[in-house]
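Only the coordinates and a few stated rules stand behind these numbers; no lab work does. All values derive from a computational prediction rather than experimental measurement. We place every Cβ from the backbone using ideal geometry, glycine too, and count neighbours over all the protein chains shown.
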């Protein structure tokens, strides 16, 4: 049953039971209405959807490439540190 359909006494009881004030209900209504109005914009067209999918795919590909490059760089740094520990660096000689 909706809050608006409750009798006045039942509304008061509901608000007290839930620890709310009537201002909370009004604020929630306004927030809900503004959210509905904001989301009621023009629907995404198929062309826009395809463009977004292509952009998403490109970004994922780029991220995968960068993750690979980062992993390779990390591995090279670890190998360099190990080699420096085993054979020393040219600075001390």
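Criterion first (outside any helix (DSSP H, G or I) and farther than 30 Å from residue 15 by Cβ) does residue 78 satisfy it? Considered against the rule, which asks whether it is outside any helix (DSSP H, G or I) and farther than 30 Å from residue 15 by Cβ, residue 78 comes out as no. Out of all the residues in the stretch 26-68, which are closer than 30 Å to residue 11 by Cα, under 20 Å from the mean Cα position of the chain (by Cα) and surrounded by 10 or more Cβ atoms within 10 Å (Cβ to Cβ)? Of everything in the stretch 26-68, just one residue is closer than 30 Å to residue 11 by Cα, under 20 Å from the mean Cα position of the chain (by Cα) and surrounded by 10 or more Cβ atoms within 10 Å (Cβ to Cβ), namely 35.
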